[in-house]
Every structure is written in structure tokens, then in C-alpha cells.
Amino acid sequence: MEITMENEYQEFERYQRAKKQVEEIKGFYGHAVSFVAVNAFLIYINLKYTPQELWFFWPVLGWGIGLVLHGMKAFNYMPFLGKDWEAKKLKQFLEEEKQQQERYHGKD
């Protein structure tokens, strides 16, 4: 009985992680559509009204960096702070908290 409950809980956790991943990807696509639409409009305004100064480059560059980082996070491509790092840190913090609780309850 306990194994079944544990399996169900693990399945539920996997489902929640997958659902979160889908939401991240969906958010990225919305971000990408906004990036293209807004920056196309900015390029149009720049070239129509002030073609002698190409200022549209700066918002495209800044927002583009943010879009790339968002994409890396949405598609789990974080070479520096990826899932392995996150899992190790989470395990470390849980172990530290468990040790603190054991020390605290051991003094009672």
C-alpha cells in the first residue's frame, strides 16, 4: 500500500514538473512573439522618422539578451546553473535543515 502511495506521489510530482515546463515554454513563445512585433514596429519608426540615427539597435539588443536567457531557462539549457546544480543545492539545503532539526530535537 505504501509503495503505491509513493508511486502515485512521484507520478504527481513528475506531472507537476512537466506542466511547469510546458508553461515555461508557452511563456517563452509569447515573449518571442512580443519581441518580434514590438521591435518590428520600433525599426519601422526609426527608419521612417530618424533614419540618420539607428537607435533601434539598442532595444533589440537588450531585449534580445533577455529573450535568449528566457529561452535557455524554458528549454532547460543552462550550462552554468542547470538542473544538476539546482538538484544538488536543493539536496544540500534539505540535508542541512535535517541536521539542524536533529541537533535541536536532540537537546530536548
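Under a Gaussian network description of the chain, with springs only between Cα atoms under 10 Å, the residue in LEU94, LEU47, LEU61 that fluctuates furthest is LEU94. The solvent-accessible area of TYR104, taken with every protein chain present and a 1.4 Å probe, is close to 150 Å².
Roughly how far apart, in whole Å, are the Cα centres of the stretch 36-108 and the stretch 5-33? Between the Cα centres of the stretch 36-108 and the stretch 5-33 lies a distance of 18 Å.
Positive contributions from Lys and Arg (+1) and negative ones from Asp and Glu (-1), summed over other residues with Cβ under 13 Å from the Cβ of ALA18, come out at +1.
With a threshold of 22 Å on the Cα-Cα distance, the over-threshold entries among LYS20/LYS73; LYS20/LYS98; LYS26/LYS48; LYS26/LYS73; LYS20/LYS91 are LYS20/LYS98; LYS26/LYS48.
Specify, per residue and in Å³, the volume enclosed by the convex hull of the alpha carbon atoms belonging to the stretch 35-78.
Values: hull volume 2.2 nm³, N = 44.
Residue-normalised Cα hull volume stands at 51 Å³.
Charge tally for GLU96 (other residues, Cβ to Cβ under 12 Å; Lys, Arg +1; Asp, Glu -1): +1.
For the chain, with all protein chains present and a 1.4 Å probe, just round the carbon and sulfur fraction of the accessible area to a whole percent.
Numbers: 6020 of 9430 Å².
Answer for the chain is 64 percent, counting heavy atoms of protein chains only.
Note on the chain: with a GNM built from Cα contacts shorter than 10 Å, the maximum mean-square fluctuation among GLU24, GLU95, GLU86 falls on GLU95.
Spread over its residues, the convex hull of the C-alpha atoms of the stretch 14-97 is 108 Å³ per residue.
For the residues ALA40, ALA74, ALA32, a GNM of the chain with alpha-carbon springs under 10 Å puts the largest fluctuation on ALA40.
Can you tell me the relative contact order of the stretch 7-108? Whole percent, Cα pairs under 8 Å, sequence separation 6 or more.
Working: 29 pairs, mean separation 28.5, N = 102.
28 percent.
Hydropathy first: keep DSSP H helices in the chain averaging at least -0.5 on Kyte-Doolittle, then drop any whose Cα extent along the axis falls short of 24 Å, and list what survives.
Values: long enough: 2-49 (70 Å, -0.40); 57-74 (25 Å, 1.04); 83-106 (34 Å, -2.19).
The qualifying helices are 2-49, 57-74.
The magnitude of the dipole of the chain, with charges of +1 and -1 set on the Cβ of Lys/Arg and Asp/Glu and taken from the Cα centre, is near 480 debye.
The values are calculated or read from the model by the stated rules, or taken from the named source; none is laboratory data. This is a predicted model, so every value here is computed, not measured. Please note: Cβ atoms are built from the backbone with ideal geometry, for glycine as well, and neighbour counts cover all protein chains shown. Protein only, heavy atoms only, side chains kept; ligands, DNA and RNA dropped before computing areas. Shrake-Rupley method; radii C 1.70, N 1.55, O 1.52, S 1.80 Å.
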